[in-house]
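Visitor: My questions will all concern the structure given below.
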């Protein structure tokens, strides 16, 4: 998957353009669809040409986010990974990149984020850290 991070945007728009985000959300929600069905669903929100939607689907396919399956002259489009797999992969990559860029700054930024967490979320974080500590000591 080829990602570009847009820090000033929110949600999926940090990683995709506006129409790309809408297409991915639709494929994650509805499952495999024909290009025409994607177009019909999205044009209810915003008038968009079928050719534009097909171009976006093709672009997402080239980036590795959408799979194209051809069957009896029809092309069916589906997300290549689930939303959960996608979010886990993006999160992991962003955290790894931040840590590789500067471990000290990454830890400081994480600390700032964690300081805003609810008590039960902090408890869960402490449990995860403890689990990782035990896993690492098993390898020693």
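Visitor: Tell me whether the range 92-101 contains one or more residues that are in a helix (DSSP H, G or I), surrounded by 10 or more Cβ atoms within 10 Å (Cβ to Cβ) and touching a residue at least 40 places away in the same chain (Cβ under 8 Å).
Guide: yes
Visitor: Show the residue pairs that are 6+ apart or on different chains and have beta-carbon atoms under 7 Å apart, the first residue being within the range 120-140 and more than 16 Å from residue 110 (Cβ to Cβ), the second being at pLDDT 90 or above and assigned to a helix (DSSP H, G or I).
Guide: Note: no pairs meet the criteria.
Visitor: Ok, one more. I'd like the full set of residues that are closer than 14 Å to residue 20 by Cα and touching a residue at least 40 places away in the same chain (Cβ under 8 Å), limited to the range 61-79.
Guide: 63, 64, 65, 66, 77, 78, 79
Visitor: Which of the residues spanning the range 14-31 are under 11 Å from residue 76 (Cβ atoms) and surrounded by fewer than 13 Cβ atoms within 10 Å (Cβ to Cβ)?
Guide: 31
Visitor: Among the residues of the range 102-125, count how many are surrounded by 10 or more Cβ atoms within 10 Å (Cβ to Cβ) and either touching a strand residue (DSSP E or B) at 6+ places or on another chain (Cβ under 9 Å) or not in a loop (DSSP other than H, G, I, E, B) (or both).
Guide: Qualifying residue count for the region: 13.
Visitor: Among the residues of the range 7-27, is any part of a helix (DSSP H, G or I), at pLDDT below 90, on the phi > 0 side of the Ramachandran plot and within 17 Å of the chain's Cα centre (by Cα)?
Guide: yes
Visitor: Of all residues in the range 49-67 being touching a strand residue (DSSP E or B) at 6+ places or on another chain (Cβ under 6 Å) and assigned to a helix (DSSP H, G or I), which is surrounded by the fewest Cβ atoms within 10 Å (Cβ to Cβ)?
Guide: Looking at the filtered set, the residue picked out is 61.
The values are calculated or read from the model by the stated rules, or taken from the named source; none is laboratory data. Small disclaimer: the values here were computed from a predicted structure and weren't measured. So basically every Cβ, Gly included, is an ideal-geometry build from the backbone, and we count neighbours across all protein chains shown.
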